[in-house]
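Asker: First the structure, then my questions, so here it is.
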Amino acid sequence: MSLTDRLAKGYGQCLRVIWIAAIPILIDLSKLFSNMHFLKTRYQGINDLFVIKLGIISSPPSVHYLLENFPAILYSFSTKYGISGIITEMNPFYFFLTLTIILLLSFFRSAYMGCIEMAGRENISLPKLLVMANKNWFRFFILQLIGRIPLFFIAVDGLHRVLMFVVSLVAILIYYVQYSIVVDRVSLKENFSRGVNILFDNFGLTVKMAVVYGPLLSLASILISPLSRAGMPGVITSIVMVSLLGLGVNKAVMEIYRELSVKYDSPVTDGDTC
């Protein structure tokens, strides 16, 4: 099955749980309104007519994928738009605030990933969603904490580019760990081991997904870019659109990882089936 066929199937499987898009929508809205409240700034959108992305959208998806200047809560830096975020320095108060935010995001991420994993496989109710969120929240907390460790050094001047490079590198290395947490019934240590090993064993396939899924979602920027400049209704519409589009990609990658995990347990030599 081709990557585009898997994507189409992913969207089909997510139709019954499309309401789960509420989680990434609420997360992005919290970023938007937090910046408006604490920094007294109004998001202005981007001027690019078209944005081309070579990469896989995050899980849960975020409009930041196409709108790189979209506000953040935790520290963020880009060479084009500079520093953003409410927390752009580190002291004891911001340290514990960062941990609290990561903890909350871990719970929502656990619920989202658990729902995406079960989509098309079994029915999902609200009680079951809460059980899934509670089941893996600590594992996602550790995962996100590891990915964010470099940001605890933001108080050091002149390291912005270095910090974001390290964050990006760590994110790539542990990319599949998030899928292992909900797919594999193993220890947290084994989640990390399997995730990293599967990345190295299937790096070519991972790059192929980035090259295929990135440009496909980039087509949405034709609408997202002008909407981001159309005031608050346009920005909110952009958030909803990207969240819905990201569901199918997340599900497609989840199912690809499931097959890679099975092959990891029982190595085969008949080539890549993806």
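Read the figures in this text as sums done on the coordinates, not as results from a lab. From a predicted model like this one, the values you see are computed outputs, not experimental measurements. Using ideal geometry, Cβ is built from the backbone for each residue, glycine included, and neighbour counts are taken over all protein chains shown.
Asker: How far is it, in nm, from the label point at Phe165 to the one at Phe138 when both lie 7 Å from their Cα along the line to the Cβ?
Answerer: Between Phe165 and Phe138, the label points sit 3.7 nm apart.
Asker: Between Ile146 and Phe93, what length in nm is gained on full extension when 0.36 nm per residue of separation is reduced by their alpha carbon distance?
Answerer: 17.1 nm
Asker: Relative to the Cα centre, what is the charge dipole magnitude of the stretch 3-254, using +1 at the beta carbon of each Lys and Arg, -1 at the beta carbon of each Asp and Glu, and rounding to the nearest 20 debye? Kindly include the intermediate steps, with their values, before the conclusion.
Answerer: Values: 21 positive and 11 negative charges, 65 e Å.
In debye, rounded to 20, the stretch 3-254 gives about 320.
Asker: For the stretch 182-249, run through the trypsin sites (Lys or Arg not before Pro) and keep only the ones in DSSP coil with at most 10 other Cβ atoms within 10 Å of their Cβ.
Answerer: Details: sites: Arg185, Lys189, Arg194, Lys208, Arg229; in loops: Arg185, Arg229.
In loop regions of the stretch 182-249 (DSSP not H, G, I, E or B), the sparsely surrounded trypsin sites (Lys or Arg not before Pro) are Arg185.
Asker: Mind checking the angle between helix 126-148 and the chain's longest principal axis? C-alpha axes, 0 to 90 degrees, to the nearest 10.
Answerer: Its long axis makes an angle of about 70 degrees.
Asker: In addition: Please give the contour-minus-distance gain from Arg229 to Lys208: 0.36 nm per residue of separation, less the Cα-Cα distance, rounded to one decimal in nm.
Answerer: Numbers: separation 21, 0.36 × 21 = 7.56 nm, distance 3.22 nm.
Extra length from Arg229 to Lys208 when fully extended: 4.3 nm.
Asker: Order these peptides, 245-251, 197-203, by their mean beta-carbon neighbour count within 10 angstrom, highest first.
Answerer: Per-residue Cβ counts within 10 Å, averaged per peptide and sorted highest first, yield 245-251, 197-203.
Asker: Per DSSP H run of n ≥ 4, the term is -39500 (n - 2.57); total these for the chain, divide by its residue number, and report the mean residue ellipticity at 222 nm rounded to 500 deg cm²/dmol. Mind dumping the intermediate values first?
Answerer: Working: 10 runs with 173 residues, N = 274.
So the calculated ellipticity at 222 nm is -21000 deg cm²/dmol.
Asker: A follow-up question, please. Compute the length gained on full extension between Ser187 and Leu219: take 0.36 nm times their separation in residues and subtract their Cα-Cα distance, giving the result in nm to one decimal. Display every interim value, and only then the final one.
Answerer: Numbers: separation 32, 0.36 × 32 = 11.52 nm, distance 3.91 nm.
Gain on extension, Ser187 to Leu219, equals 7.6 nm.
Asker: Which residues make up the longest stretch of the chain clear of GluC sites (Glu not before Pro) that lie in a DSSP loop with no more than 12 other Cβ atoms within 10 Å, not counting the sites?
Answerer: Values: sites that count: Glu89, Glu122.
That would be 123-274.
Asker: Using a basic spin-label model with each label point 7 Å from the Cα along Cα→Cβ, how many nm lie between Glu68 and Asp48?
Answerer: Result for the modelled spin labels: 0.5 nm.
Asker: Could you pull out every one of the lysines with an alpha carbon less than 26 Å from that of Lys128, ignoring same-chain neighbours closer than 8 positions?
Answerer: Filter leaves Lys9, Lys189, Lys251.
Asker: Could you check the simple spin-label distance between Thr41 and Arg121, using points 7 Å along Cα→Cβ, in nm with one decimal?
Answerer: 4.0
Asker: Under 1.5 on a/c is rounded, so check that first for the stretch 1-80, then, if it is not, pick prolate when a/b is larger than b/c and oblate when it is not; a ≥ b ≥ c are the square roots of the alpha carbon gyration tensor eigenvalues. Show your work: numbers first, answer last.
Answerer: Values: a/c = 2.78, a/b = 1.58, b/c = 1.76.
Oblate is the answer for the stretch 1-80, as a/c is 1.5 or above yet b/c matches or exceeds a/b.
Asker: Shifting gears a bit: Could you point to the residue in Ile56, Met164, Met118 farthest towards the positive end of the chain's charge dipole, with +1 and -1 charges on the Cβ of Lys/Arg and Asp/Glu respectively?
Answerer: Met118
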